[in-house]
Amino acid sequence: QVQLVESGGGLVQPGGSLRLSCAASRSIFSIYATGWYRQAPGKERELVAGITSGGNPNYADSVKGRFTISRDNAKNTIYLQMNSLKPEDTAVYYCNAALTERTYSNRIYYWGKGTLVTVSS
């Protein structure tokens, strides 16, 4: 098992940047996959970015070139660097983790409680 706690959300102007952090309760070195999802008001939760233990990231088309996901195994933390933010990026951002390739394939995830990002002037 693993507990995940997100931080770093807040209010930012369009064009600004934020870095979200997701602190894990255990070593993430062996965790197969970690990712960031978001849910805007009235919309379904969607994948923003994911990264496997092998270091291969993937991104939603809407954030490619603007967001970067990374893992710091020494700090047991997953980051999401968000640049050139737009109002449509406003959402609650959730961190998740799949411990093994099998649970990843079966979409069995652990979730944090989320952090709110608001992009507005």
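The values are calculated or read from the model by the stated rules, or taken from the named source; none is laboratory data. Everything numeric in this text was worked out from a predicted model, so none of it was measured. Glycine gets a Cβ as well: all are built from the backbone with ideal geometry, and neighbour counts include every protein chain shown. Note: areas computed on protein heavy atoms with side chains; ligands, DNA, RNA excluded. Shrake-Rupley method; radii C 1.70, N 1.55, O 1.52, S 1.80 Å.
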Could you say whether any residue in segment 47-59 is in contact (Cβ under 8 Å) with a residue 40 or more places away in the chain, among the polar types (S, T, N, Q) and in contact with a Gly (Cβ under 7 Å, 6 or more places away or on another chain)? no
Is it true that P57 is open to solvent by 60 Å² or more (accessible area, probe 1.4 Å), touching a Ser or Thr at 6+ places or on another chain (Cβ under 9 Å) and more than 20 Å from W111 (Cα to Cα)? no
For segment 66-81, does any single residue satisfy the condition of being in a loop (DSSP other than H, G, I, E, B), in contact with a Leu (Cβ under 9 Å, 6 or more places away or on another chain) and over 26 Å from S105 (Cα atoms)? yes
In segment 37-56, how many are modelled with pLDDT of 95 or more and either of a type in the set (K, R) or in a strand (DSSP E or B) (or both)? 10
Scanning segment 64-92 for residues that are of a type in the set (G, A, S) and in contact (Cβ under 8 Å) with a residue 24 or more places away in the chain gives S84, A91
Residues located in segment 78-121, provided they are β-branched (V, I, T) and either within 26 Å of Q13 (Cβ to Cβ) or open to solvent by 50 Å² or more (accessible area, probe 1.4 Å) (or both): I78, T90, V92, T100, I108, T115, V117, T118, V119
Out of (1) out of contact with any strand residue (DSSP E or B) (no Cβ under 8 Å at 6 or more places or on another chain); (2) open to solvent by 60 Å² or more (accessible area, probe 1.4 Å); (3) modelled with pLDDT under 95, the odd one out for G65 is which? (3)
Could you grab me the full set of residues in segment 1-13 that are surrounded by 14 or more Cβ atoms within 10 Å (Cβ to Cβ) and in a strand (DSSP E or B)? L4, V5, E6, S7, V12
For segment 14-32, which positions are open to solvent by less than 20 Å² (accessible area, probe 1.4 Å) and within 11 Å of the chain's Cα centre (by Cα)? L20, C22
Going through segment 1-15 in order, the residues found to be among the hydrophobic types (A, V, I, L, M, F, W, C) and within 22 Å of Y109 (Cα to Cα) are V2, L4, V5
